[in-house]
Every structure is written in C-alpha cells, then in structure tokens.
Amino acid sequence: MTAESTSLLLVNELSITYNGVSPPVKAVNNISLKLKKGENLGIIGESGCGKSTLALGIMGLIKNGSVKGNILYKDLNLVGLPDDKLRHYRWKEIAMMFQNSLDILNPVLTVEEQVGEPLRFHCHLTPQEIDERVVHTLEMVGLDPAWRTAYPHQLSGGMRQRVLLAMALICEPELLIVDEPTTALDAASKNDIFELLQNLQKQLNFAMILISHDVAFVSQLTSMLITMYCGQAVEYGRTSDVLKNPMHCYTRGLLNSSPQFFKYKDLWGISGEPPGEGAPLKGCPFAPRCCQSAEGCGKSRPQLRYVALERRVACHKGGIETFLKAEGIKKNYRVGEKSIEAVRGADLEIRSGEVVALVGESGSGKSTLAHILAGVLPADEGSVFFRGKKVENHWATKMIGGMQIIFQDPFSATSHRMQVLDVVKEPLEIMKWKSTAERNKAAGEALQAVRLPVTPEFLQRYCYSLSGGQRQRVAIARALITRPNLVIADEITSMLDPSNQANILRELKGLQNRFGFAMLYITHELHLARKVSDKVYVMHRGEIVEKGSSSVIFEKPEHFFTKQLFKEAFRSSG
Amino acid sequence: MRQKTRMRLIEYAITIWVVITLNFLLPRLIPGDPFLVLTSQSAEDEEIVLSEEQREFLFHYYGLDQPVYKQYFIYLGELFRGNMGFSVYYKQPVSHIVMHRLPWTVFMVLSSVILSTLIGTILGCFSAWRREKWVDKFLFLFMIFFSEIPSFLLGLILLFVFAAGLGLFPLAGAVTHFADFQSGWEKAWDVLHHAFLPIAALTISHLGGTYLLGRNSMTTVLEKDYLRTAWAKGLPKKRVIFRHALKNALLPIVTRVFLSLGSLVGGAILVENVFSYPGLGTLMRESVRVQDYPVIQGIFLVVTVCVLLANFLADVVYRKIDPRVGS
C-alpha cells in the first residue's frame with residue numbers, strides 16, 4: 001500500500017499552446033499540481049482561463065497544439081505517449097465527465113451503446129455482461145435503465161448529465177475529471193449532481209478534479225483549490241482556507257461574484273476583461289484588473305510562491321496587500337475627573353480592495369477608532385501602519401495614493417465659506433501637487449466621478465448653498481482627488497435622507513469597485529453594512545468583539561453582543 | 001406518426017397525378033403531326049404521305065379527334081389498366097417497349113450510383129482524415145477537375161481512347177448480337193464488358209459530387225464534440241472512425257444518393273446515346289425524332305415514377321439511420 005502515500009497524478013510545469021491560430025495561444029501556462037488517491041481538487045476561474053484545456057491536456061486530447069511538461073500518472077509520463085498506448089489509460093484509469101452540451105453525445109447511437117462501449121474495449125466483457133453493468137451504473141446515477149435504448153436527443157439536460165456521469169464511471173476509473181458539471185442545470189438538478197458526486201465518490205473512491213466557474217459548487221466538494229487566470233495558476237491552497245481568506249485579488253473577485261456566499265451583499269464582478277487572445281503577456285496578466293497593481297507588476301510574470309503553509313500565490317506583492325494595520329489601539333477621554341475608555345485595545349487589518357465594515361452601537365468607539373486610524377487623533381497606546389509604515393505626522397493622508405477620511409457631518413467637514421472647486425482641490429494645494437491647471441483638471445474629474453456638475457457656476461458656488469447630499473459628494477470628491485488606496489468613511493450617510501443615502505452608498509461602492517481602493521466603512525446601520533462589506537468588525541464598548549468575513553458573521557454571529565445587535569437590527573426584516 | 005405517413009402518401013399521389021397530367025399535355029403542345037412519318041422504319045426511308053381519309057381514320061383510331069378533356073379521361077382510364085398506349089412508330093404496345101429497355105438503364109444507373117457513392121465516400125472520408133496533407137490536396141484537385149466534365153463528353157473520350165483507340169471494349173450495344181454463349185457466366189461477362197465504359201463515364205462524372213460531400217461531411221463530423229468524447233473513451237481508431245464518425249457522416253450522403261437519381265437518369269440518357277446503349281435514353285431520342293407521343297409519354301412516366309420511388313426510399317432509409325428524424 002505504498003501507492004496510498006504517493007501521488008496518483010502529478011502534473012509538472014505543464015504548458016499547452018494552441019498552434020492552430022495565429023499567433024499561437026498559450027492556453028495553459030506552466031501549471032503544476034498534485035493529486036493523491038481519493039483526493040479532490042477544484043479548479044476555478046472565469047470562462048476561457050484554460051481550465052478545460054488543462055483537463056483535455058491531462059486526457060491527452062489536445063488537437064492542433066503542443067504540450068510541454070510532464071503528466072505523471074502512477075509514475076508513468078503520459079505526455080508524448082503514442083495514442084495506441086495512451087488509449088488504454090483513457091477511461092479505464094482517467095475518465096472525464098464532459099461539459100453538458102447537445103453535441104457531447106453521439107446523436108445516432110443509443111445511450112446503452114455509448115455508455116457501455118468502453119467496457120467492450122477496456123474490460124472485454126460479453127454483450128450480456130455489458131448490459132448488466134450499464135443497467136447497474138445507470139441505476140447508480142439515478143437514471144431509469146429503461147432510458148438506455150433512447151437516443152441522446154430524447155433526453156433532457158439533467159438526464160444527459162446523468163448519462164455523462166454514468167459513462168464516465170462505467171469502467172470505475174481511479175481519476176475522474178469533471179468539467180463544468182452544473183452548466184445550465186436548475187438548482188434541483190444541481191443539488192442532485194452534487195449529492196451524486198459525493199455519494200459515488202464514497203462508494204467508488206475515485207480521485208476527482210472538479211473544474212467549474214461555480215465557486216460555491218466546487219468549494220463544497222473539494223479539499224484543495226486552484227484558481228486559474230489566463231492559463232496560469234494564481235492561487236493554490238486548501239479550499240477552506242482559500243474561501244475564508246483569499247490571498248489573490250482574482251480569487252477574492254471570484255468569491256465576491258458568487259451570490260451563494262454573500263446572501264445580502266450586492267454582487268460586484270471583477271471589473272475589466274481578461275486579456276484577449278494572443279495579447280503579449282509580459283507582466284502579470286491580472287495587473288490591468290488588479291486593485292493593487294503597481295509599476296513593477298507589468299515587468300515580469302509572477303511565479304507561484306508560498307505565502308503561508310499549503311498556500312501559494314502568484315503575485316508580485318505576495319498576494320493581497322495589507323494596507324492598514326492597527327495594533328493594540330487604546331484611547332481614553334477625560335471628562336472632568338473621570339476617564340472614559342473609548343477604545344480598549346483594538347486590532348484591525350484592512351487589505352487592498354476590501355470593504356471592511358466597522359459596526360456597533362453609537363458610542364461604542366467606532367468614530368474614535370476611525371480618527372485614530374486616519375491620524376486625526378493621536379492614540380494613547382498602540383500603533384497604526386499604512387502599507388507597513390507607521391502612521392505619524394499625517395504623511396499617509398498627505399500623499400497621492402494614500403489614505404483619506406470622509407467625515408460624518410458634511411456641513412462641518414467642508415467650510416461653508418469656500419467655493420466648491422477650492423474645497424475639492426484643497427488636498428492638492430496642501431501637497432503642492434503639480435500646476436494649478438492640473439489641480440483644477442483633477443478636481444473636475446473627481447467631481448464627475450461623484451456625479452456632480454462641473455460647470456463654472458457650480459465650481460464657484462459656495463458650500464453653504466449646497467444641499468446635504470451635494471455637500472457629502474463634495475467631501476467624497478475631495479477624498480478621491482488624491483486617488484487614495486484606502487478610504488475611511490465614517491458614518492457618511494447617517495445624516496442623509498434614505499434616497500440620498502442609497503445613491504451615495506451605491507456610488508461609493510461603484511467607485512470602489514472601479515478604482516479598487518480599500519474602504520473602512522463605519523456605520524451603525526447594519527442593513528447597509530450587510531449590503532457592501534466583505535469583512536466585518538463588531539465593536540462593543542471600545543472593544544472589537546467579533547471579526548470575520550461578512551458572509552460568515554451575518555449568517556452565524558458568535559459573540560453574545562453581536563447576536564443581540566443583529567437580532568434587534570434585523571428583527572422586522574427577518 | 002401514422003398520420004404523417006398518410007400525409008406523405010397523399011403527397012406522393014398528388015405528385016404522380018400532376019406528372020401524369022403534364023405528361024398528357026406536353027406532347028399535345030409540341031407542334032407537328034405524328035402521322036407525317038408513319039410507316040418508314042428509319043428517317044432515311046422514303047416518307048409515305050397519308051391521304052386525308054387515312055389520316056382521319058388514324059386520328060379517330062387514336063382518339064385525337066375527341067375534345068381534349070375526353071382524351072384526358074380516356075388516357076387516365078387506359079393508364080389505370082396498365083395500358084400506356086400503342087407506339088405509332090414501333091407498332092408495339094408502349095409498356096412492352098419501355099419495360100424491355102428499362103432494365104438496361106436501371107442497371108447502368110444503379111451500378112454507377114453504387115460505384116460512385118462507394119468510391120466517393122471512401123475517398124472523401126480519407127481526404128477528410130488526411131485534411132491539408134498532400135493526399136487530400138491532390139485528391140481534391142483531381143476530383144474538382146473530373147466533376148466538371150459533362151458525362152457525355154467523358155463518354156466520348158472513353159469511347160475514343162479505350163474502345164476505338166485501344167480496342168479494349170466494344171464500340172456499341174449492350175450484348176454481342178447473335179453470339180452463342182456457352183454458359184450464363186459467359187453472357188454475364190459479355191454484358192459487363194459492354195456496360196463497362198458507359199458505367200465508367202457515368203460513375204466518374206458523378207464521383208466528384210459525392211467525394212466533395214463525403215469530405216465535407218466527414219470534416220464537420222471530425223470536429224464535433226461527440227467525436228472528442230469517443231476519443232476520450234479510449235476506443236480503438238477503427239471504432240471511432242467507422243462507428244462514431246462514419247455513421248454521422250453518411251447521413252447527408254444517403255440523402256444525396258437518392259436525390260441524385262433523377263439527374264443520373266438525365267446523364268444516362270446522354271451517355272446511352274454516345275455508346276448506343278439500348279436503354280431508355282436511346283429509345284427516347286428515337287421517339288422524339290419521330291414524334292412518337294405514346295412512347296415519349298411512357299418514358300417520362302416511368303422515369304418520374306422511378307425518381308419518386310427513389311425519394312420515397314430516401315425518406316424511409318433516412319428515418320432508419322437518423323433517429324432524430326420523425327420522432
């Protein structure tokens with residue numbers, strides 16, 4: 001039983017290039033993976049990222065393409081093996097459940113013939129025995145064996161999926177590759193397939209490579225997960241770890257696009273498109289869509305590197321960067337003789353492109369913490385780091401691409417004696433950034449981003465003549481003009497009416513998705529927090545009592561106070 | 001299902017009725033007189049001009065003095081009893097003449113259909129399998145070239161080269177006349193010897209189309225997802241190609257074979273004349289020349305019915321091999 005310990009499948013630096021098109025397309029780029037007997041591996045990624053090509057490559061089914069690297073199956077290299085030898089491994093050892101489509105089964109042959117024929121050539125059974133096995137296998141996948149005399153066009157999509165599964169399992173392979181098993185299936189059929197795969201694996205003990213863009217489906221069935229982008233593995237790790245804490249911006253984007261994980265949050269896809277076919281890929285392929293890309297990212301391709309135990313990420317920044325880190329923040333206020341502990345040792349972390357909600361009742365110390373983070377207030381104890389550097393003397397708020405705070409009250413945050421244009425470009429004036437003309441241009445762009453007019457009349461209006469909503473937008477524009485990497489939004493909508501609140505929040509989240517800045521969103525409005533946040537920190541009497549992914553916290557709060565808070569907030573809405 | 005079959009049969013009945021009607025009308029629209037050339041056996045013979053009484057007698061005898069609608073009903077009635085009329089020129093019942101000539105044409109057409117389909121499909125599939133290789137390119141050019149030569153021209157070339165020039169084959173006819181055959185085999189050999197060149201001409205001229213269709217069809221099928229599935233299953237090459245690919249690739253070829261029977265009959269008529277082959281083609285040419293209406297009508301009718309029959313067969317066969325049709 002030494003085979004138990006060694007790997008069943010070992011893919012080593014596999015690259016697949018399609019030569020049929022000009023210029024040739026490298027669909028799979030230097031992928032390595034390992035699979036033990038009975039183990040499950042998930043591969044996720046958007047359409048066209050090379051998942052299916054990888055599967056076909058393992059099956060040895062690449063047409064008009066060149067395959068480089070090694071595919072070791074039980075220590076035998078399948079790459080370069082002649083077809084008549086490879087044939088004996090296909091289906092008997094490695095079988096594949098193809099993506100469901102009308103054309104995937106031969107239209108002129110019966111289900112029985114198509115499901116049973118591998119037995120004839122791999123196991124040399126008699127027609128009688130084949131029929132028995134086909135009936136048995138069809139029953140196993142939950143399809144009435146009477147259907148075996150049918151032709152593919154007579155089957156429904158769900159039935160065809162079962163036929164494909166039965167066909168893949170007929171020879172009881174050791175490795176099953178499942179390609180997009182849930183395409184075009186309704187929720188019920190999807191669950192059926194899920195349960196089938198789970199049960200059959202227990203019964204037959206095959207190893208499985210599950211390929212899908214349905215992250216939720218994959219994550220429930222697999223123990224290891226690979227995220228693929230542009231033919232390259234960008235993240236590799238234990239499924240549970242990756243889901244809880246994605247380390248690559250792309251993986252996080254995929255998770256954020258999955259409605260199954262965040263029941264309440266609005267869906268935001270990854271902005272931008274994958275690079276087109278044949279585009280020169282010199283740097284990191286994800287850089288154009290990445291929220292933390294810098295100059296160095298375009299220079300070379302990042303390699304998959306360990307960033308933690310059993311976790312590898314292909315990113316020049318070593319995965320999602322931590323923008324803000326606060327450690328042991330303490331702050332006391334003196335009210336007469338009494339000292340009030342406003343913040344009692346809070347730790348906080350905000351990573352790039354992340355929306356972190358800081359929730360709690362009024363007076364729990366949220367705003368104090370926010371002001372300390374932004375460097376507005378000094379902390380009594382503890383320190384704040386912005387991109388690894390200690391925050392002191394406002395350097396972090398005084399730069400392009402730094403940190404900005406938007407305050408709760410727009411009326412006191414923007415001087416009513418100043419004109420709109422001056423308010424918005426004020427940060428640039430302080431920084432002495434470029435020329436006046438360029439500052440004005442930047443102000444115009446920032447105002448446009450928050451959908452305010454840029455007519456000369458408007459620019460010259462004094463702030464006192466603006467409405468609350470407009471003034472809050474001006475405040476946001478002032479924050480955005482420095483192109484910040486982190487925005488701290490302190491109860492920015494609490495003084496607005498619901499309609500203005502909805503508009504401002506949606507726009508801010510939209511801007512966040514477009515520009516990719518990180519955001520600390522401080523609010524006592526849990527409904528709003530639930531709609532926008534990726535992570536949640538719950539604060540109670542100056543302490544962070546609970547923190548985690550919003551998908552988890554809002555579903556299953558642990559702390560007594562959090563439970564109570566949510567119960568009250570969500571009482572009427574259920 | 002049964003409903004559909006009944007509809008089909010009604011359609012066929014209507015088609016035949018239309019054909020019969022046209023068949024009745026067409027010769028009557030041709031200018032000329034069948035009794036101008038009557039008794040002479042060939043065009044070179046002296047023509048005997050009939051007297052007025054004789055002409056009237058014959059007009060009456062053939063019912064040509066009746067109003068057209070009456071002629072039509074008489075025609076239909078006679079046809080129903082299997083009487084296609086009496087040849088004015090050959091002085092024999094038309095059914096007898098046509099049935100005597102029909103087997104030769106059928107023999108020729110069927111042989112060349114079978115041959116051209118077999119060869120065309122095999123070469124086409126082979127070409128598709130070796131697509132873009134030199135074999136494919138060569139075959140492709142060769143076939144395009146030959147499929148553009150009309151069958152009668154090809155027949156003439158074959159006749160000049162192999163029969164007149166090299167003397168390998170007889171120049172004309174379907175059998176050696178007045179020969180004393182020792183056995184059935186010897187007779188069969190003689191028939192094949194005579195038929196070889198006409199069949200070859202028809203086959204070659206028809207081959208290009210089948211080849212192109214076979215190549216095209218196979219190329220499409222080879223790219224299909226279900227073929228990748230078949231390869232993935234680790235089946236032997238033979239199994240994938242013959243069971244999975246060919247069965248699909250044959251579908252359009254089968255349709256074409258039956259539908260092309262009509263055009264093949266047309267080709268056969270020309271080729272028969274080149275080789276003086278005693279089929280319907282030569283019969284037709286003679287009948288047109290002497291304006292023998294009943295014979296022309298008979299030939300048209302038989303040919304049309306044959307083509308319809310082929311259509312019907314195509315329907316049946318297609319339903320058999322493609323499970324998607326009719327369910």
**Request:** Considering each of B:Pro252, B:Pro198, B:Pro236, B:Pro278 in turn, give the residue that is within 30 Å of A:Glu93 (Cβ to Cβ), in the same structural domain as B:Val295 (by TED's automatic domain parsing) and not aliphatic (A, V, I, L, M).
**Result:** B:Pro236
**Fill in**
Within region A:20-33, of all residues that are among the polar types (S, T, N, Q) and out of contact with any Gly (no Cβ under 6 Å at 6 or more places or on another chain), the one farthest from A:Gly69 (Cα to Cα) is A:Ser22
**Of all residues making up region A:59-90, the number that are within 13 Å of chain B (Cβ to nearest Cβ), out of contact with any Lys or Arg (no Cβ under 8 Å at 6 or more places or on another chain), touching a residue at least 40 places away in the same chain (Cβ under 8 Å) and among the aliphatic types (A, V, I, L, M)** = 1
**Request:** Go through region B:136-176 and give me each residue that's under 27 Å from B:Gly124 (Cβ atoms) and assigned to a loop (DSSP other than H, G, I, E, B).
**Result:** B:Glu148, B:Ile149, B:Pro150
**Checking A:Gln114 against (1) out of contact with any Phe, Trp or Tyr (no Cβ under 7 Å at 6 or more places or on another chain); (2) at the interface with chain B (Cβ under 10 Å from one of its Cβ atoms); (3) surrounded by fewer than 19 Cβ atoms within 10 Å (Cβ to Cβ), the condition it does not meet** = (3)
**Message:** Which count do you get for residues in region A:229-252 that are surrounded by 24 or more Cβ atoms within 10 Å (Cβ to Cβ), out of contact with any strand residue (DSSP E or B) (no Cβ under 6 Å at 6 or more places or on another chain) and outside any loop (DSSP other than H, G, I, E, B)?
**Reply:** 3
**Asked** Residues in region B:275-295: is at least one within 14 Å of chain A (Cβ to nearest Cβ), touching a residue at least 40 places away in the same chain (Cβ under 8 Å) and polar (S, T, N, Q)?
**Response** no
**Prompt:** What single numbered condition from (1) farther than 29 Å from B:Leu207 by Cβ; (2) within 20 Å of the chain's Cα centre (by Cα); (3) in contact (Cβ under 8 Å) with a residue 60 or more places away in the chain fails to hold for B:Gly85?
**Reply:** (2)
**Request:** Hey, can you tell me all the residues within region A:117-134 that are farther than 24 Å from A:Lys85 by Cα and surrounded by fewer than 17 Cβ atoms within 10 Å (Cβ to Cβ)?
**Result:** A:Pro127, A:Gln128, A:Glu129, A:Asp131, A:Glu132
**From A:Ser257, A:Ser212, residue being modelled with pLDDT under 90, surrounded by 23 or more Cβ atoms within 10 Å (Cβ to Cβ) and among the hydroxyl-bearing types (Ser, Thr, Tyr)** = A:Ser212
**Message:** Among the listed residues B:Thr210, B:Thr219, B:Thr229, identify the single one that is polar (S, T, N, Q) and more than 14 Å from chain A (Cβ to nearest Cβ).
**Reply:** B:Thr210
**Asked** Can you pull out the residues in region B:225-241 that are in contact with a Pro (Cβ under 9 Å, 6 or more places away or on another chain) and within 15 Å of A:Val108 (Cα to Cα)?
**Response** B:Tyr226
**Message:** Can you find, within region A:279-318, the residue that is farthest from the chain's Cα centre (by Cα) among those that are farther than 24 Å from A:Gly510 by Cα and of a type in the set (Ser, Thr, Tyr)?
**Reply:** A:Ser300
**Complete:** Within region A:488-522, residues buried (at least 23 other Cβ atoms within 10 Å of the Cβ) and over 19 Å from A:Ser412 (Cβ atoms) come out as A:Leu508, A:Phe517, A:Ala518, A:Met519, A:Leu520, A:Tyr521
**Test for B:Val254: is it within 21 Å of the chain's Cα centre (by Cα) and away from chain A (no Cβ under 13 Å)** = no
**Request:** Considering each residue of region A:426-459, count those that are in a helix (DSSP H, G or I) and either without any contact (Cβ under 8 Å) to a residue 24 or more places away in the chain or not small (Gly, Ala, Ser) (or both), and give that number.
**Result:** 20
**Asked** Pairs under 9 Å by beta carbon, first residue within 18 Å of A:Ile170 (Cα to Cα) in region B:220-235, partner in a helix (DSSP H, G or I) and β-branched (Val, Ile, Thr), six or more apart or different chains?
**Response** B:Tyr226/A:Ile104; B:Arg228/A:Ile104; B:Thr229/A:Ile104; B:Ala230/B:Val240; B:Trp231/B:Val240; B:Lys233/B:Val240
**Failed condition for A:Phe554, given (1) buried (at least 19 other Cβ atoms within 10 Å of the Cβ); (2) free of Cβ contacts under 8 Å to residues at least 40 places away in the same chain** = (2)
**Request:** Give region A:101-111 a look and list any residue that's buried (at least 23 other Cβ atoms within 10 Å of the Cβ) and either more than 9 Å from every other protein chain (Cβ to nearest Cβ) or over 15 Å from A:Ala168 (Cβ atoms) (or both), or say none.
**Result:** A:Asn106, A:Val111
**Request:** Only one of these is crowded, with 18+ Cβ neighbours inside 10 Å and in contact with a Phe, Trp or Tyr (Cβ under 9 Å, 6 or more places away or on another chain): A:Gly57, A:Gly38, A:Gly45. Name it.
**Result:** A:Gly45
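The values are calculated or read from the model by the stated rules, or taken from the named source; none is laboratory data. Model, not experiment: these values are computed from the prediction. Note that each Cβ is placed from the backbone with ideal geometry, even for glycine, and that neighbours are counted across all protein chains shown.
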